[in-house]
Amino acid sequence: KPLRPIVISTWDAGIAANRRAWEILGKGGRALDAVEAGVMVTEAEQNCCVGLGANPDRDGIVTLDACIMDEQGNCGSVGALERIKHPISVARRVMEKTPHVMLVGEGAQRFAVAEGFALEPQKLSADAERTYREWLKKSEYKPVINIENKGHGPFAPNRFDNGEWNHDTIGMIAMDASGNLSGSCTTSGMGFKMRGRLGDSPIIGAGLFVDNEVGAATATGMGEEVIRVCGTHLVVEFMRQGLSPEAACKKAVERIVKKNPARAKANQVGFIAINKQGQYGGYCLQEGFSYAVCYADDKNFLVKGKHYF
Ligand code: SD4
């Protein structure tokens, strides 16, 4: 029996985000509203991995990326947005109120302010302040090649010293009672990224893709790996060819590995997907990725992503 409505989202923070999304979906609300409201919960949390409380770039500034896509293929995105609490809502305004898909940096912030979003103080959360100071101790600005060999990916400490994978993103995809799909993705990006760096999360087809005929997918992990293969577009196209959500995510992960096995081995990427039949699935490079699945008042649980390595 098809699961409908359904909402799934990345990592453990997905549980709280799903709960909020379900308040809308469970009442017959629109998937687009659900995926926006859902990830706003995560964006609003201080000392979390997403939003203004998250880790800054190397210059100590939090820069946020987000995108959103609806059942008609409309989409909006913001990149490198500073001092705005809810980048996902700004992305939605870009979609609904401008002729464009993507606004970045100062222009995105100016648009947000013109739309009535408050300019928040430029201040790190207590957690981020502590982590940043710690990071500054060890990490100088070295050419990429010098830090590449730490097993941390090209430039970000993708993995903590305790072996856990760092994550700074929530991606959410949903199908509503009418059978329409939408998705959202929001992030502070990789912690301690170079200033100006954009990852996959604000890029339609990389961090998020929705095709209402087929399904939807979102990604997390090392954005550069996802961008190189147009990750979520690839997942949706594999579903179009008849693969289940899990098999489609797996095949996209395998594509990443095939391109550069050594690089893939040093990084984490996770994809999650749903299809029009209300099936869901996920797949990742490394053990340690989980996603949250919700399809009823009393069904909101974490699933461990199957992994390649
Ligand atoms: C990025 N994909 O900026 C994001 C980071 C992420 O869990 O997903 N972290 O590359």
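Every read-out reported here was derived from the displayed coordinates using simple, explicitly stated rules and does not represent laboratory data. Predicted model only: the values in this text are computed from it and were never measured. Quick reminder, even Gly has a Cβ in these numbers, built from the backbone with ideal geometry, and neighbours come from all protein chains shown.
Taking a sphere under 15 Å around the Cβ of residue 90 and counting the other residues whose Cβ falls inside, with K and R at +1 and D and E at -1, yields a net charge of -2. In terms of the mean number of neighbouring beta-carbon atoms within 10 Å, the peptides 29-36, 287-294 order highest first as 29-36, 287-294. Near residue 259, once Lys and Arg are set to +1 and Asp and Glu to -1 for all other residues with Cβ below 14 Å from its Cβ, the sum equals +3. Helix screen, the chain: no DSSP H segment has Cα axial length of 27 Å or more and mean Kyte-Doolittle hydropathy at least 0.5. Note on region 190-234: along the principal axes its Cα atoms extend 38, 15, 13 Å, ordered by decreasing extent. Simple point charges give the picture: +1 on the Cβ of Lys and Arg, -1 on the Cβ of Asp and Glu, and for region 253-309 a dipole about the Cα centre of about 400 debye. For the peptides 112-122, 81-91, residues were scored by their other Cβ atoms within 10 Å and the scores averaged per peptide; the highest-first order is 81-91, 112-122.
If you split all Cα-Cα distances of region 1-148 into 5 Å bins from zero, what percentages do you get per bin, shortest first? Answer for region 1-148: a P(r) of 2, 9, 16, 18, 18, 15, 10, 6, 3, 1, 0 percent. In region 12-59, inverting the average of 1/r over every pair of distinct C-alpha atoms gives 11.3 Å as the Kirkwood radius.
In units of the rule-of-thumb radius 2.2 N^0.38 Å, the chain shows an alpha carbon radius of gyration of 0.92. In units of the rule-of-thumb radius 2.2 N^0.38 Å, region 267-309 shows an alpha carbon radius of gyration of 1.23.
Measuring nothing but how far apart in sequence close Cα pairs (under 8 Å, 6+ apart) lie, relative to its length, region 42-89 scores a relative contact order of 32 percent. Secondary-structure-derived ellipticity at 222 nm for the chain, considering helices only, amounts to -9500 deg cm²/dmol, per-run term -39500 (n - 2.57) for DSSP H runs with n ≥ 4. Among beta bridges identified by DSSP and lying wholly in the chain, the antiparallel ones come to about 90 percent.
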